[in-house]
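K.L.:
Take this structure first; my questions come after.
The values are calculated or read from the model by the stated rules, or taken from the named source; none is laboratory data. Here the structure is a predicted model, which means the values were calculated and not measured. All Cβ positions, glycine included, derive from the backbone under ideal geometry; neighbour counts span all protein chains shown. The area values use the complete protein model at the heavy-atom level, side chains included, leaving out ligands, DNA and RNA. Shrake-Rupley method; radii C 1.70, N 1.55, O 1.52, S 1.80 Å.
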Amino acid sequence: MESRSASWSETGRFCGPHLTGLRNLGAPAIRSILDEARRMRSAGRGAHAGLAPGCQVALLFHENSTRTRMAFEAAAGRLGAVAMVLQAGSSSATKGETLSDTARVLESQGADLLVLRHPDPDSAEFLTHHVKLPVVNAGAGTGEHPTQALLDLLTLEDALGGLGGRRVVIVGDVAHSRVARSNLFGLQAMGARVVFCGPPTLVSPRWAELGVDVSHDLDEALAGADAVMGLRLQYERLEGDAPGAAGTLRSRYGITSERMRAHPALWVLHPGPVMRGAEIAHDVVDGERSLIFRQDENGLYVRMAVLAMLLASAGPRRAAKAAEPAGTPPPRVPVKGAR
Ligand code: NCD
């Protein structure tokens, strides 16, 4: 399927039409989103309420979420838009309605943009072929989670003053993590070196083909690293020995206080939800080198930037479409009793 997600203006500024992943986005488009998020962060709380007044942002969530969903909802509100939230467990998906039909319902009801979280890695890309709206991937199975990686880049760049030449270790359940994938593409685009670390069952040596340093020894991986990102075990996607994998992660790959003492300049990230005492120690989460709650804060501004940029560039496109000569008229609704 041809990707319709990677597009940017001649200046390199991100302008959609969709955001399904970072794989094909490139540094200029990523840079433009980070800059926009910073501008939004430094302005006052009500400063952007005029950017998308009356717009409807549909959030379609087929998996549970706390921070991603709330950040998108808050971001829509800050832009003056309305969030229409549909949690699949309480939707007609439970009765068998297809994903594309559900999306078309939301489109028919006036949605201007669709945010999707779904267990299928190709789901967001798939929807770009079924609706005329900008589609934003808010986490697609083991595929990508682009807005999470963008907020990670923003947070890390703030802390380090730049990403070029930096070394970032991502440790834990890489095999099932869309966060690891999107961070890989984003960090590489911005010139950082990425290390994937974990047991061979969760970190395949094949990542080396994409330029990743693969390590099965966390202490070795942390030598010379600027930051470490912990990942929880994705029980919902794991097949096989979950207790065994959890035990190995805890005993050999945990981000512990001892490891933090051994690396005094190391920053710590985690996309959340954090399993305190499992992949990361309680004290490290709350420690002064933890960027975890700053990530959550930046998540709001990154989503504001992405929504604003997509809605702004979709506006003229949709207006041009509306101005096109009318095509096939919509089918008439059969009226009972009419001849
Ligand atoms: C992550 C996700 O859903 O992929 N969380 C998030 O969006 N912040 C990571 C996870 O669930 O472990």
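K.L.:
Any idea of the accessible area per residue across segment 41-175, 1.4 Å probe, to the nearest Å²?
P.N.:
On the way: 5000 Å² over 135 residues.
Ligands and nucleic acids excluded, the figure is 37 Å² per residue.
K.L.:
Next up: Considering only Met190, Met229, Met84, give the residue with the highest GNM mean-square fluctuation for the chain, with springs between Cα atoms whenever their separation is below 10 Å.
P.N.:
Among Met190, Met229, Met84, the largest GNM mean-square fluctuation belongs to Met84.
K.L.:
Counting only protein chains, not ligands or nucleic acids, how are Phe293, Phe61, Phe185, Phe126 ordered by accessible area (probe 1.4 Å), most first? Each step should come with its number before you reach the end.
P.N.:
Working: Phe293 125, Phe61 0, Phe185 30, Phe126 70 Å².
Result of the area sort, largest leading: Phe293, Phe126, Phe185, Phe61.
K.L.:
Another question, if that's okay. Using a 1.4 Å probe over the heavy atoms of the protein chains, calculate the carbon and sulfur portion of the accessible area of the chain as a whole percent.
P.N.:
Numbers: 8060 of 15410 Å².
It is 52 percent, rounded to a whole number.
K.L.:
Suppose every K and R has +1 on its Cβ and every D and E has -1 on its Cβ; what is the size of the dipole of the chain about the Cα centre, in Debye to the nearest 20? Can you show the working numbers first?
P.N.:
On the way: 37 positive and 35 negative charges, 234 e Å.
Dipole magnitude for the chain comes out near 1120 debye.
K.L.:
By Kyte-Doolittle mean hydropathy of at least 0.0 and Cα axial length of at least 18 Å, which whole DSSP H helices of the chain are selected?
P.N.:
Values: long enough: 27-42 (22 Å, -0.51); 146-160 (21 Å, 0.63); 292-323 (46 Å, 0.27).
Flagged H segments are 146-160, 292-323.
K.L.:
Accessible surface of Phe196 in the full protein assembly, 1.4 angstrom probe, to the nearest 10 Å²?
P.N.:
It works out to around 0 Å².
K.L.:
Related question: Roughly how far apart, in whole Å, are the Cα centres of segment 227-270 and segment 114-158?
P.N.:
One Cα centre to the other: 24 Å.
K.L.:
Treating the beta-carbon of each Lys and Arg as +1 and of each Asp and Glu as -1, no other charges, what is the dipole magnitude of segment 17-126 about its Cα centre, to the nearest 20 debye? It would help to have the intermediate numbers written out before the result.
P.N.:
Details: 12 positive and 11 negative charges, 124 e Å.
Charge dipole of segment 17-126: 600 debye, to the nearest 20.
K.L.:
Still on this structure, please answer the following. Quick one: accessible surface of Lys132, probe radius 1.4 Å, all protein chains present, in square angstrom to the nearest 10.
P.N.:
The accessible area comes out at roughly 150 Å².
K.L.:
Taking only protein heavy atoms and a 1.4 Å probe, what accessible area per residue, in Å², does segment 177-266 have with all protein chains in place?
P.N.:
Values: 3990 Å² over 90 residues.
Accessible area per residue: 44 Å².
K.L.:
What translational diffusion coefficient, in µm²/s and rounded to a whole number, does the Stokes-Einstein relation yield for the chain at 20 °C and a viscosity of 1.002 mPa s, taking the hydrodynamic radius as the Kirkwood radius over Cα pairs?
P.N.:
D, rounded to a whole number, is 102 µm²/s.
K.L.:
Among Asp152, Asp219, Asp112, whose mean-square fluctuation peaks in a Gaussian network model of the chain (Cα, cutoff 10 Å)?
P.N.:
Fluctuation is largest for Asp219.
K.L.:
Considering the Cα positions of segment 243-298, please state its Rg to one decimal place and its Dmax as a whole number of Å.
P.N.:
Radius of gyration, then largest Cα-Cα span, for segment 243-298: 11.5, 35 Å.
K.L.:
Would you please calculate the Kirkwood hydrodynamic radius of segment 108-264 over all C-alpha pairs and express it in Å, rounded to one decimal? Mind dumping the intermediate values first?
P.N.:
Values: mean 1/r = 0.0598 Å⁻¹.
Roughly 16.7 Å, rounded to one decimal.
K.L.:
Top mean-square fluctuation among Thr11, Thr248, Thr102, Gaussian network model of the chain, C-alpha springs under 10 Å?
P.N.:
So, out of Thr11, Thr248, Thr102, the one fluctuating most is Thr11.
K.L.:
Which semi-axis lengths, in whole Å and largest first, follow from the square roots of five times the eigenvalues of the Cα gyration tensor of segment 179-255? Please list the in-between numbers first.
P.N.:
Details: eigenvalues 94, 42, 25 Å².
Calculated on Cα positions only, the semi-axes equal 22, 15, 11 Å.
K.L.:
Using all alpha carbons of segment 77-128, what is the percent of pairwise distances in each 5 Å bin, ordered from the shortest bin to the longest?
P.N.:
All Cα pairs, binned at 5 Å, distribute as 4, 16, 28, 28, 15, 7, 2 percent.
K.L.:
In deg cm²/dmol, rounded to 500, what helix-only [θ] at 222 nm does the chain give when every DSSP H run of at least 4 residues adds -39500 (n - 2.57) and the total is split over its residues? Intermediate results must be reported in sequence, preceding the final value.
P.N.:
Working: 11 runs with 129 residues, N = 339.
It lands at -11500 deg cm²/dmol.
K.L.:
Then there's this: Using the Karplus curve 6.51 cos²θ - 1.76 cosθ + 1.60 with θ = phi - 60°, work out ³J(HN,Hα) for each residue of segment 134-144 in order, rounded to whole Hz, and write x for Gly and Pro.
P.N.:
Going residue by residue, I get x, 10, 10, 7, 9, x, 10, x, 8, x, 10 Hz, with x marking Gly and Pro.
K.L.:
Let me ask something else about it. Can you tell me the dipole magnitude for segment 32-81 around its Cα centre, using point charges on the Cβ only (Lys, Arg +1; Asp, Glu -1), in Debye to the nearest 20? Each step should come with its number before you reach the end.
P.N.:
Working: 7 positive and 4 negative charges, 44 e Å.
For this selection, approximately 220 debye.
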